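The values are calculated or read from the model by the stated rules, or taken from the named source; none is laboratory data. This is a predicted model, so every value here is computed, not measured. Counting neighbours? That spans all protein chains shown, and the Cβs are built from the backbone with ideal geometry, glycine included. These area figures cover heavy atoms from the full protein model, side chains too; ligands, DNA and RNA do not enter into them. Shrake-Rupley method; radii C 1.70, N 1.55, O 1.52, S 1.80 Å.
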Amino acid sequence: MTEKKYSIVVAGGGSTFTPGIVLMLLDNLDRFPIRKLKFYDNLASRQEPIAKACEIILRERAPEIEFAYTTDPEEGFTDVDFVFAHIRVGLYAMREKDEKIPLKYGVVGQETCGPGGIAYGMRSIGGVLEILDYMEKYSPDAWMLNYSNPAAIVAEATRRLRPNSKILNICDMPIDLMEKMAKMVGLKDRKEMQISYYGLNHFGWWTEIYDSEGNDLMPQLRKEVGENGFAGALSDTNQHVDPSWIETFKKARDIQQLDPETIPNTYLKYYFFPDYVVSHSNPEHTRANEVIEGREKFVFGECRSIVSKGTAVDTKLELDAHASYIVDLACALAENTHERFLLIVPNEGTIENFDRTAMVEVPCIVSKKGYERIVQGNIPQFQKGLMEQQVSVEKLVVDAWIEGSYQKLWQALILSKTVPSASVAKQILDDLLEANKEFWPELK
Ligand code: NAD
Ligand code: G6P
Ligand code: MN
């Protein structure tokens, strides 16, 4: 390990995930030393309670780290080595609309999948490009680790519009599922598993899982997931614990029946069982409401309490244990560890019989120079067909954003497997368009 200490800016400082990331960083200072930590957000009132609480946490636990928070891009992005980006353009108010508008028409209402994810994509692209440009202007050598959603659409947009930028798009869902699978087979650490996986973000499959001695774990895991989904081994992290998440982990059992050779990502439920999802949704109370009443209330409540007491010694805020993959990734880039990660990257032949320009989620080896993809070969017709349809949705959204095209956005909705007809697609689109006037580029 070198002596270098790093400077980080968290973009989207007001995120509910920021305190968990800070606690996780503090827990990892021995392998990832920090000299400076900054928060940047474009909404001061959202960021302030989180930042003031984190300031106290840092003062108590690591006073040597210089801390600042700002809404000024120059201050935020100057002298940083890494940008950890988790912004939500439109906040939960717009997430709620993304979920409720499609449900009005009997269609899946979800943060990243279907029409809701498309609407969110049309908002996110501009926000992520903006912070990427700030990074390149003020700290041109920095890396951005982006987990702002919808990651698939954001990744396609940055591939197209900022092809040379140092941005890596990542997702925590496979990490969480691998923690559960490690537990199922009695391993202490998911890192003891070597995997093969292919797909798009929130749309993929494991094809091989071995332990560190080379034993094939797939037979046991396929059996367990086929019986209980991922619900048989709930992990002890503080994320993904609400009843609606447990339901999602159970439902993986039914997804697995569709191709028993593989193990599916839980997000496939929205594409294979949209009728089930809709009939189990409450159009008046969606996941956004659960998050507002749960995570947001808890995190902001704890932060306000830290500030009013002037201490965090007895805080109930927990470190976001499974978010340690973000530190792993930063370490790999900074310290040349050659560790493996699932990243969302341009295909370029990694999946041999699939569009070379698609942004796919595949295992990569990460080092100082960036990433190298690990070839996944040919994929079966079933997955190929599904992925071609879904990647077309994602590409058409980016086309629509770039060209300001209503037609392309309508086509994106029509192609989504969650949407039953072109007429329903149009009705949903027109409602989403009205709700997103402030955020989407003007469409012609
Ligand atoms: P949140 O609304 O609590 O936080 C988002 C923050 O981003 C807010 O403080 C908001 O003011 C800020 N913001 C919005 N637009 C901005 C801009 N243009 N510039 C700077 N800041 C901006 O949301 P959250 O629930 O904590 O989630 C944050 C993000 O992380 C979301 O995009 C969510 O989908 C994503 N996420 C991704 C993964 C993954 O697997 N990739 C996992 C968890 C969360
Ligand atoms: C998983 C996904 C993220 C998504 C999150 C939603 O972690 O990988 O991409 O943002 O779930 O969780 P929430 O609790 O906000 O519904
Ligand atoms: Mn994700």
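Rounded to the nearest 500, the helix-only mean residue ellipticity at 222 nm of the chain stands at -14500 deg cm²/dmol, with each DSSP H run of n ≥ 4 adding -39,500 (n - 2.57).
Simple rule: put +1 on each Lys or Arg Cβ and -1 on each Asp or Glu Cβ in the chain, find the dipole, and look at ILE57, ILE34, SER405; the Cα lying farthest toward the positive end is SER405. Ignoring any ligand, DNA or RNA, what whole percent of the accessible area of the chain comes from carbon and sulfur when the probe is 1.4 angstrom? Accessible surface attributable to carbon and sulfur in the chain totals 49 percent. Need one word for the chain: rounded, prolate or oblate. Basis is the Cα gyration tensor (sqrt eigenvalues a ≥ b ≥ c); a/c below 1.5 gives rounded, then a/b vs b/c decides. Rounded is the answer for the chain, as its axis ratio a/c remains below 1.5.
Couplings for region 331-340, taken from phi via the Karplus curve 6.51 cos²θ - 1.76 cosθ + 1.60 with θ = phi - 60°, read 4, 4, 6, 7, 10, 6, 7, 6, 7, 8 Hz in order; Gly and Pro are left as x. About its Cα centre, what dipole magnitude does the chain give when the only charges are +1 on Lys and Arg Cβ and -1 on Asp and Glu Cβ, stated in debye to the nearest 20? Its charge dipole is roughly 380 debye. Shown in residue order for region 372-386 are the 3J(HN,Hα) couplings computed by the Karplus curve 6.51 cos²θ - 1.76 cosθ + 1.60 at θ = phi - 60°: 10, 7, 9, 4, 10, x, 7, 10, x, 4, 4, 5, 4, x, 4 Hz (x for Gly and Pro). The HN-Hα couplings worked out from phi for region 265-270 by the Karplus form 6.51 cos²θ - 1.76 cosθ + 1.60 (θ = phi - 60°) are 6, 4, 5, 5, 4, 5 Hz, whole numbers, x standing for Gly and Pro. Sorting 162-173, 240-251 by their mean Cβ neighbour count within 10 Å, with the most densely packed peptide first, gives 162-173, 240-251. Based on protein heavy atoms only, the chain ends up with 40 Å² per residue of surface accessible to a 1.4 Å probe. The lysines whose alpha-carbon is closer than 25 Å to the alpha-carbon of LYS166, local same-chain residues fewer than 8 away aside, are LYS4, LYS5, LYS36, LYS38, LYS137, LYS368, LYS369, LYS395.
With charges only on Cβ, +1 for K and R and -1 for D and E, what is the dipole size of region 68-162 about its Cα centre, in debye, rounded to 20? Spell out each step's value before the answer.
Working: 10 positive and 14 negative charges, 141 e Å.
Dipole magnitude for region 68-162 comes out near 680 debye.
Think of the chain as a dipole: +1 on every Lys or Arg Cβ, -1 on every Asp or Glu Cβ, centred on the Cα centre; then among LEU25, MET387, ALA312, MET387 lies furthest on the positive end. Placing unit charges on the Cβ atoms only, positive for Lys and Arg and negative for Asp and Glu, gives region 23-108 a dipole magnitude near 480 debye about its Cα centre. With the highest mean first, a sort of the peptides 382-388, 265-271 on other beta-carbon atoms found within 10 angstrom per residue produces 265-271, 382-388. Projecting the Cα positions of CYS171, VAL154, CYS113 onto the charge dipole of region 102-186 (unit charges on Cβ atoms of Lys, Arg, Asp and Glu, taken about the Cα centre) puts CYS113 furthest along the positive direction. Proximity of backbone amide H atoms, modeled 1.01 Å from N, is registered between ARG35 and TYR6, SER7 at under 5 Å, excluding neighbours fewer than 5 places apart on the same chain. Of the peptides 80-92, 306-318, the ranking by mean beta-carbon count within 10 Å, highest at the top, reads 80-92, 306-318.
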